[in-house]
1. Before anything else, pin down the relative contact order of the chain: Cα pairs under 8 Å, at least 6 apart, normalised by residue count, whole percent.
2. Between W104 and A13, what is 0.36 nm times their sequence separation minus the Cα-Cα distance? Round to one decimal in nm.
3. Would you list, by chain and number, the aspartates and glutamates whose Cα falls below 17 Å from the Cα of K74, excluding same-chain residues fewer than 8 positions away?
4. Dipole of the chain, Cα-centred, from +1 at each Lys and Arg C-beta and -1 at each Asp and Glu C-beta, to the nearest 20 debye?
5. Evaluate Rg over Rh across the chain, taking Cα atoms for both radii and Kirkwood's formula for Rh.
6. For E45 and K74, calculate 0.36 nm times their separation in residues minus their Cα-Cα distance, and state this gained length in nm to one decimal.
7. Solvent-accessible area per residue for the chain at a 1.4 Å probe radius, Å²?
8. Probe radius 1.4 Å, ligands and nucleic acids ignored: give me the carbon and sulfur share of the accessible area of the chain as a rounded percent.
Amino acid sequence: VQLQASGGGLVQAGGSLRLSCAASGMIFRTADMGWYRQTPGNERELVASITSGGTTDYADSVKGRFTISRDNAKTTVYLQMDSLKPEDTGRYYCKGLTPSSSYWGQGTLVTVSS
């Protein structure tokens with residue numbers, strides 16, 4: 001199983017980025033997917049999640065600014081990040097949770113400058 005995250009970069013506060021996580025080697029349509037953020041010295045925290053049925057959930061800090069979505073045909077999960085703030089800076093990881101196991105991608109770095 002591979003989860004390949006992309007789309008990170010440097011953006012000014014107020015800007016937008018779209019992260020993508022392409023999955024392979026798993027039955028994507030049955031997996032719950034999530035995006036996590038990690039900053040130095042801290043544990044990974046859940047930013048957004050989407051179930052196999054399409055139900056979404058968000059951390060309070062990103063509600064109204066981030067949108068998670070999935071394309072089962074492309075086996076890809078997305079995170080649209082708008083109105084970015086410096087505190088959104090971190091390495092973003094995607095996670096896939098199937099009935100039998102869980103998998104992590106390698107992460108993509110997001111830096112928001114003030």
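The values are calculated or read from the model by the stated rules, or taken from the named source; none is laboratory data. Because the structure is a prediction, the values reported are computed rather than measured. Here Cβ is always computed from backbone atoms with ideal geometry, including for glycine, and neighbour counts include all displayed protein chains. Protein only, heavy atoms only, side chains kept; ligands, DNA and RNA dropped before computing areas. Shrake-Rupley method; radii C 1.70, N 1.55, O 1.52, S 1.80 Å.
1. In percent, rounded to a whole number, it is 36.
2. 30.0 nm
3. Here the aspartates and glutamates satisfying the reach criterion relative to K74 are D32.
4. Dipole about the Cα centre, nearest 20: 220 debye.
5. Using only Cα positions, Rg/Rh for the chain is 0.95.
6. Taking 0.36 nm per residue and subtracting the Cα distance, the gain is 7.9 nm.
7. The answer is 52 Å² per residue.
8. 46 percent
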